[in-house]
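The values are calculated or read from the model by the stated rules, or taken from the named source; none is laboratory data. Here the structure is a predicted model, which means the values were calculated and not measured. Using ideal geometry, Cβ is built from the backbone for each residue, glycine included, and neighbour counts are taken over all protein chains shown.
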Amino acid sequence: MPNPRREIIDDRLLMRLARETDKDALLNWRNNPGVVQFTRTQASISIDAHAHWFKERLRILNLEPIFIFTLDETPIGMTRLDRIESERNGYEVSILVDEQFQNAGVGKLILLRTCEFGKDGLSATFIRAEIHNKNLASIKLFTKLGFVEKSKVDDNFSSYDFSG
């Protein structure tokens with residue numbers, strides 16, 4: 001698998017694999033009230049639960065990468081690819097953008113680059129996103145990039161597949 005330890009996306013935007021020092025930023029982004037409302041649990045994650053999850057996740061970055069994106073060396077967001085169907089090499093993509101950088105066009109760049117990495121670097125046969133039906137900003141972002149709604153997952157979430 002290609003290892004994007006430091007990949008320049010444009011003059012200022014950098015993509016890299018997560019490392020231990022990203023633990024707090026990831027927890028802060030995940031526990032932002034604007035994010036929590038669109039999660040499955042609709043609850044914040046404890047520091048201990050996050051620390052345990054993150055430690056385990058760092059061990060499998062080569063199979064299920066977490067990417068950190070920086071703008072002029074400032075962390076601005078993350079994406080994650082979680083393997084969902086090993087037989088068909090499918091992945092679920094997740095994205096979080098720091099609220100200071102939302103609606104600035106970076107979400108589109110980092111999501112597209114992550115999907116490209118999934119297809120090219122991981123040989124993903126499909127990439128899926130499960131999006132809260134009230135998260136209109138995410139629905140707009142994903143559909144602009146070629147994700148197509150496939151099915152309702154439950155009363156709150158729908159499944160979108162990347163067709164790009």
**Asked** How many residues does the range 102-111 hold that are out of contact with any helix residue (DSSP H, G or I) (no Cβ under 8 Å at 6 or more places or on another chain), on the phi < 0 side of the Ramachandran plot and without any contact (Cβ under 8 Å) to a residue 40 or more places away in the chain?
**Response** 1
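Please list, ordered by residue number, the strands (runs of 3 or more DSSP E) wholly in the range 58-108 having 2 or more residues that are more than 20 Å from LYS140 (Cβ to Cβ) and out of contact with any Phe, Trp or Tyr (no Cβ under 6 Å at 6 or more places or on another chain). Show your work before the answer.
Details: elements: 66-71, 74-85, 90-97.
Output list reads 66-71, 74-85.
Would the range 44-54 turn up any residue that is among the aliphatic types (A, V, I, L, M), farther than 30 Å from ASP155 by Cβ and not in a helix (DSSP H, G or I)?
Let us first name the residues in the range 44-54 that are among the aliphatic types (A, V, I, L, M), namely 45, 47, 49, 51.
Now drop any that are not farther than 30 Å from ASP155 by Cβ, which leaves 47, 51.
Adding the requirement that they be not in a helix (DSSP H, G or I) leaves none.
Within the range 44-54 (the criterion being among the aliphatic types (A, V, I, L, M), farther than 30 Å from ASP155 by Cβ and not in a helix (DSSP H, G or I)), the answer is no, since none of the residues qualifies.
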**Message:** Among (1) modelled with pLDDT of 95 or more; (2) within 16 Å of the chain's Cα centre (by Cα), there is one condition GLY105 misses while meeting the rest; what is its number?
**Reply:** (1)
